[in-house]
Structure formats: C-alpha cells, structure tokens
Amino acid sequence: MKRMWLRLSLVLVAMLAIVALAACGGGTTAPEAAEPTAAAEVPAEEGAAEEPAGEVSGRVGIVLPTKDEPRWVQDETRFREALEAEGYQVEILFSQGDSAKERANVEDLITKGVQVLIITPHDGTAAAAAAEVAKNAGVSVISYDRLIRDTDAVNYYVTFDSLAVGAQQAQFLVDNAEGTDNPLFLYAGAASDNNAFIFFEGAWKVLQPKIADGTFRVVNSSEAVALQDTLELTRDQQSAIINQVTTNWDFNTAKNLAEANLTAAPAEDKGDVFILAPNDGTARAIADAFATDTDVTSFLVTGQDAEKASVQYIIDGRQSMTVFKDVRTLVNDAIAAAVALLQGETPNAQGAYNNGVIDVPAIQSPVITVTRDNVQEVLIDGGYYTAEDFTGLE
Ligand code: BGC
C-alpha cells in the first residue's frame, strides 16, 4: 500500500448549493471526471476552497455498506446533519452487505441523474464494476472510508489514517503488557475490505517486535506464529493471517471464532490475556465470549469507531479502548470533494493511495485513542456525544 502525505488542511466551502435530488426534474450535464492528481501538484492552499465560487447545482448520491452496523448509521446521521445544516438534500442508500444491491443502488442513482457518487464499498474489489458503470455514465466517484480497488474509475478517496488505527490498538496492548509470554489473541476485519489489511499492517508493525522478543505469544493463529520474525508482510502473508482470524466484520462470526479459540486453547494459554479486536462491534462480541471463560483471569481488548455501545462498555470496564474516528470530519471532507467535483475542479488532496491500478488522490484524517481516562474529554467535552448518552460517567 503506497501512501504519500504532505500536510492536512481544512476545506472551507462557501455559498454552495447542491440542488435536492427530490426537488429536481431533468438531468444536467455532468462535469468532467477529475484526473487522479499527484499530491505535490495540489498545494493545500489552492483548489476549490479558496474563494466563494457562487452557486453550484448538481446532484450527489451516497451509498453506504450496511444499516446493521452502528458505524454506518452514524455516518448516515452525520451526513444528514451536515447536509441539512447547509440546506442540501442528498439521497442515501444502503447496500446491506451485498455487492449486487450496491450495484443496483449505483445504477438507481445514475438513473436519477447524480453527477457525483460518494460510496463506501461493501467489497472493495467487487465494487470496481459499479464504479466503472458510474464512470461510463460521466459520474465522478468518491471512495468514502473504504477504497475501491483494481480500477481507474475512482476520482478521490476520503479516509481516516487507517495505519494509525491499527498502530494505536497495538500500542495500547504493548503499553499494558509486563513480563513475557503474555497470551495474545488476534482478530481481523473482512478480507474483502482494503481497510482490514491497513489496520492489520499498522498493528503488526507494532506487535511483531514484541512477539519476536517474547513479550507476547500468539495463541490463535498458526500463520502469525509462522511469520512472527517477519516485520514487513506481503499482502499474501497478511491474507494468510487475516483469513485465519477474520471476523468478516460480523458480530456472530466474531463471537463464534472467539468461542472456538477459547475451546481450543488450554488453560495455560489463558490467564491474563491480550486481544487485538479490529472494531467495536466485534470487540463487544469477543469481550462477551472471553468474559464467560473461567480460565481467563483478565483481558484487555481493543476496538475502533467509538460506537455508543462500546463507549458504555469502556465506562463499565468491559472493553479497554477504542480508536475514535470523528465521522463529522470525514463527512465534511466528502461534501467538500463532491462540491469541488460538481464545479469541475480537483478536490483538495494531500496524498494518494494506490488501489492496485492507480494512485487515488486522497485526504486523510487523524484518529485518537480513547480509554476510560479520556472518554469525557474527547467524546463528551468534544461535543461528539452528550453525557446523557451514558451511565456511570462521573
Ligand atoms: C471501517 C470501520 C468499520 C469496519 C466495519 C471499516 O472499513 O473503517 O470503521 O468498523 O469497516 O464496518
């Protein structure tokens, strides 16, 4: 995975109006799709944001992967809040974990005349076909949070720093481990999601030296054990481990895998254990499984997304940390990029992600580790949630 980052900047968009899908009749001419642009050619101070460009009309459609995970409902809510605050209306469709439905959603939005598509693919590679349909119809494609792979039909990528997500999860485990031979259980996201690889890569770079020096002993992945002296993993090597410990981003898969791992592990592989869980939904499922095993004396478990249920778990001491990804920032970046594309301009970018075919210009946002110690400061004082959303906060 190739990344080039120069700097972060905010995109401010003024005096723009995206005309409501619902309110509009016939189609208008789509702007030319922006060519992928190397970051160095797009100074952060320039681009769409510099001066108010007058009114812009155009149609934007959004496709999110599933309503069944709070993470994506959070994105829908934040999109609606941001768009309604500006008086914009945009259609948001969910693919329900099904690439065929995702493609039908894309085709539906094209038929309705969208000129810019903001899409989080269910399966990053399968979504290439849908992106190509959009490109052929003159629609610009913004990959949102997850990268669409193996196609040139992606104009722009809006993402968090996913390498840092994995690194922060792993660093939390390392910071809380003493002595040697600590049992470590690894879990990963879905192999169809490019992010699962980046999260794992970020985590592995921090964990591997601590596995190699004996601080941790991997319990549930023979592939990870076989590679424990290798810091830089190829994608195939990452796949070998991920396929062995994947949760498929699914709570039940995570729960069943954790239970199977616990059944297979002898008592000496339990005691005080360390668990790399890839996100909050799977963390809660895995935590619940570990909490019921009488040979597990204590466990630390990671997460990501700062889902409300996991924030409550953290307050209650049932999940150890989460990585907060401020969806408000991602939403604003995506809207700014959509507006730039509607204006026929190149969205602001500070780097690029290679998707197997092209370097996709990208903007990425930082992430923050949240534990019980800073939950109030980061999430409540930061205005992301209110104290009333939780019980047990002092
Ligand atoms: C997202 C995570 C999310 C996961 C499961 C990833 O691509 O970056 O925030 O928890 O998918 O939906």
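The values are calculated or read from the model by the stated rules, or taken from the named source; none is laboratory data. Owing to the predicted nature of the structure, the values given are computational and were not obtained by experimental measurement. Note that we place each Cβ from the backbone using ideal geometry, even for glycine, and neighbour counts take in every protein chain shown. We work out accessible area using only protein heavy atoms, side chains counted, and drop any ligands, DNA or RNA first. Shrake-Rupley method; radii C 1.70, N 1.55, O 1.52, S 1.80 Å.
Scanning the range 150-160 finds one or more residues that are away from the ligand (no atom under 15 Å from the Cβ), free of Cβ contacts under 8 Å to residues at least 60 places away in the same chain and over 25 Å from Lys255 (Cα atoms). Only one entry in Ala337, Ala349 is part of a loop (DSSP other than H, G, I, E, B), open to solvent by less than 30 Å² (accessible area, probe 1.4 Å) and within 21 Å of Gln115 (Cβ to Cβ), namely Ala349. Against the list (1) more than 16 Å from the ligand (Cβ to nearest atom); (2) among the charged types (D, E, K, R); (3) touching a residue at least 24 places away in the same chain (Cβ under 8 Å), the condition Glu178 fails is (3). Taken over the range 250-283, the criterion of being surrounded by fewer than 23 Cβ atoms within 10 Å (Cβ to Cβ) and within 16 Å of the ligand (Cβ to nearest atom) is satisfied by Asp250, Phe251, Asn252, Thr253, Lys255. Residue pairs whose Cβ atoms lie under 7 Å apart, separated by 6 or more positions or on different chains, with the first residue in the range 199-228 and within 16 Å of the ligand (Cβ to nearest atom) and of a type in the set (A, V, I, L, M) and the second open to solvent by 10 Å² or more (accessible area, probe 1.4 Å) and assigned to a helix (DSSP H, G or I), are Ala203/Ala167.
Of the listed requirements (1) of a type in the set (S, T, N, Q); (2) crowded, with 23+ Cβ neighbours inside 10 Å; (3) away from the ligand (no atom under 16 Å from the Cβ), Thr247 misses just one: (3).
When Glu178 is tested against (1) touching a helix residue (DSSP H, G or I) at 6+ places or on another chain (Cβ under 9 Å); (2) open to solvent by 10 Å² or more (accessible area, probe 1.4 Å), just one condition goes unmet, and that condition is (1). Considering only residues that are within 15 Å of the ligand (Cβ to nearest atom) and either buried (at least 24 other Cβ atoms within 10 Å of the Cβ) or part of a helix (DSSP H, G or I) (or both), which ones fall in the range 60-78? Scanning the range 60-78 gives Val63, Leu64, Pro65, Pro70, Arg71, Trp72, Val73, Gln74, Asp75, Glu76, Thr77, Arg78.
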